[in-house]
């Protein structure tokens, strides 16, 4: 279906992504893994013809379409538009920035369908609802009539998967399609995506940080580092004992391990008391949260677990003052959190691109925060460099813009911005989900060290139970807006 020949993507003569040779066969699943910034997503964008204009690309990308063999790098804009969606579908990493916030999900699904296939609205709606069911959405009618901001991150990603497969394209590109999903849902969604591709005979190229899923579902795996292919071959051979590449072994060893113990002598300073929140949708009341309570000591970490749509992000927004609870209260040092200005609570959002100002440089993103604290001049410049160093970003990225960073690099910038105000409470909404295992461990180690040094409280929203147990002392599990279990990591 696709033949990659000496593909090289560069900026100012610096190679950002290079794949010497790879043949994508019909009906097979190919995995691409590697650290953030290794060039994985750039490769997918080159196939779609969506690379930024400042990048140059050389080599060959030959795609077998219904019209014959096409050179994707030589296609004009109209030819590429005819291929996108119909012959080549793509699931982007950040669904909130890929979806139109001013249109309902159903409208966007219909638009994706009608671009290449004319039909009446009722028939189109039936196809869209069925596509939503196929990707594991239990209430397709509600999602069809909802705006992207009214559904969870996991539900948004499943809408994107439905859009990418609705025309049953011969090639599907998936850029971290399960990042926003809990492990069980991620497995189901990826199984659905693989099964759909297999049934229609299409090929799937999966970019992911989830090593177990890649190992389980991919026939062939390519491992990239610093823009180049480190090793490529049959999945079973790459991970077999005695043959595993040192870099692949390092990725496996970087998966978080370890347990935390509650700090016994620290005082309780953060209290959530019977928090409840309802939303009115289509003249119906939707329960987002009901009766959520917990108390946290200084320097303690609380993992907030649950499936997509269970109410985790709604709870985070209430704790940071972005939403107001219908009932209940939040106390910080015995005072109502809403009466404290500033509150001392910061948040790292799940979708880094949508939470950053794309019109200002990365340096100014941090400088803006520091200036509000009265930190300017040489002191601010030094502080910014230290923050970049803390989160593992190179100083060469300071004067670039968010769109010029990889997904993982953007998330690290968001973490640096949150740390810039020395918060007493930090809410992390899937803050490490977009990072490769090596960088994820680096960030988790960083967060653990900062917690031990400063006594900051972490509310860690995650789908990764290993990461939760590594960073946090206790956990609560949400389901349909209520707490179904809670406990201590011992």
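Bear in mind these aren't lab numbers, they're just calculated from the coordinates by the rules spelled out. Just so you know, these numbers come straight off a predicted model, no measurement behind them. Reconstructed Cβ throughout: ideal geometry from the backbone, glycine too, with neighbour counts over all protein chains shown.
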Task: the chain, relative contact order in percent, only Cα pairs under 8 angstrom and at least six apart counted - done: 17
Task: Cα-based helix-to-principal-axis angle, 407-419 vs the chain, degrees rounded to 10 - done: 10
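Return the percentage of antiparallel bridges among DSSP beta bridges fully within the chain, rounded to the nearest 5 %.
Values: 49 of 87 bridges.
Around 55 percent of the beta bridges assigned by DSSP in the chain are antiparallel ones.
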Open item on the list: Tell me the mean residue ellipticity at 222 nm calculated for the chain from its helices only (DSSP H runs of n ≥ 4, each -39500 (n - 2.57), averaged over every residue, nearest 500).
Closed with: -10000 deg cm²/dmol
- [ ] Find how much the distance from residue 386 to residue 26 grows on full extension, using 0.36 nm per residue of separation minus their present alpha carbon separation; answer in nm with one decimal.
- [x] 124.8 nm
- [ ] Take 116, 403 and order them by how many other Cβ atoms sit within 10 Å, fewest up front.
- [x] 403, 116
Open item on the list: Given R₀ = 41 Å, what would the calculated FRET efficiency be for residue 265 paired with residue 372, taking r from the Cβ atoms and rounding to 0.05?
Closed with: 0.75
Open item on the list: Could you work out how much longer the chain between residue 138 and residue 103 gets when fully extended? Use 0.36 nm per residue separation minus the Cα distance between them, nm to one decimal.
Closed with: 10.5 nm
Task: Tilt relative to the chain, helix 105-114 - C-alpha long axis, 0 to 90 degrees, to 10 - done: 10
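Taking square-rooted eigenvalues a ≥ b ≥ c of the alpha carbon gyration tensor, is the range 184-334 rounded, prolate or oblate, where a/c under 1.5 means rounded and, failing that, a/b exceeding b/c means prolate? All intermediate terms of the calculation are to be shown ahead of the outcome.
On the way: a/c = 3.69, a/b = 1.69, b/c = 2.19.
Oblate.
How would 176, 359 line up from fewest to most surrounding beta-carbon atoms within 10 angstrom?
Working: 176 22, 359 8.
So the residues, fewest neighbours to most, are 359, 176.
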- [ ] Measure out, as a whole number of angstrom, how far apart the alpha-carbon centroids of the range 313-382 and the range 102-153 sit.
- [x] 34
Open item on the list: Test of understanding: ordering 273, 24, 33 by Cβ neighbours within 10 Å, fewest first, what list do you get?
Closed with: 273, 24, 33
Open item on the list: If each residue of separation counts as 0.36 nm, what is the full-extension length gain between residue 116 and residue 145 once their alpha-carbon separation is subtracted?
Closed with: 8.2 nm
Task: Between 0 and 90°, nearest 10: helix 437-454 axis offset from the chain longest Cα axis - done: 10
